[in-house]
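The structure appears below as structure tokens.
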Amino acid sequence: MSEAVATVQVKQEPTPGIAVSGTVPIVTIIVLILLLYARIGTKLVTDWYELPDFSHGFLIPFFAAYLLWERRKQIRQVESRPSWTAVPLVLLSLVVLMVGIFGADLFLARISFILLSAGLVWLLAGIQLLRIVGFPIAILILGVPLPAVVFNQMTFPLQILASQLAAALLPLAGVPVLREGNVINLPSMQLEVAEACSGIRSMMSLFTVAVLFGYFFEEKGFRRFLLALCSVPIAVAANALRIFGTGVCVQYWNPDKAVGFFHEFSGWLMFLVSLACLYLVHFATRSLGRRRVSSPA
């Protein structure tokens, strides 16, 4: 009695998740990236610590890590489809890195890391995964300090704008004012709106907070964009109110205390007021959205 041996061929279906054909290439790429960006990353963390204008940068890596963790299920389920289409982006990022290093431009060198991260994800796993992790990668831009040229170009117009707004408000409180550029002449002393008082520090910090707040508490992309956009005029108005309050204290209280304790304390106070204004914008947009949904067609 002969036994019939049946061979059954089982077709293997691709399993979800990122397929890696060997850990050695991945480890090699990570080591090379660490070697390329070790000094650049160290200098970036030092700038976050030493420069008050960019101290909010410490929040950005944790926020990006949270975004990746929040998308962990999508990342596991996506099918890996490496694409050579990403090679130009990888090469571009390396060129930007070389220009930043040899041209002594830290901004370009730091931006190249973001471009390289996007290019490697696209190259090794495909465009579908890049769409999932694209926002966490792009959010790293908020942690990169602006180049000195752009920073200086923004600072002086903000100084003039803050001076103009404060000079327009002080007469309403009965304080005579004569403004010359970024210098506000009061009867008892002069107030100079220096670079540190331009408001760019609070603007950048408030913009970062608005992006984080909008992501967690706003559901629609348009409202998130509107909230981040409103942070700019809110920061400008808060800085002008700070200078206005300093001028009022100089006139009616004590000039030394006004430019000392009050000026420093009002910076924190105005930032809290700015946060409250951001929440009011969030509350107003959400209320309008609910009214439109509940209103009959």
Expressed to two decimals, the stretch 128-253 has a Cα Rg over Rh, using the Kirkwood radius, of 1.12
Labelled set (1) 124; (2) 189; (3) 216; volume of the Cα convex hull per residue in Å³ computed from this model equals the value at (3)
Bounding extents of the stretch 48-167 in its principal axis frame from Cα atoms, largest first in Å, are 60, 35, 25
Exposure proxy check on 220, 73: fewest-to-most Cβ neighbours within 10 Å is 73, 220
Calc'd 3J(HN,Hα), the stretch 267-280, phi into Karplus 6.51 cos²θ - 1.76 cosθ + 1.60 (θ = phi - 60°), Hz, glycine/Pro = x, comes to x, 5, 4, 5, 5, 5, 5, 4, 4, 5, 5, 4, 5, 5
Connecting every pair of Cα atoms under 10 Å apart in the chain and solving the GNM, the largest mean-square fluctuation among 189, 204, 270 falls on 189
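Read-outs: derived from the displayed coordinates by stated rules, not from any lab. On a predicted model such as this, the values are computed, not experimentally measured, just so you know. Glycine also receives a Cβ, built like all others from the backbone with ideal geometry; neighbour counts cover every protein chain displayed.
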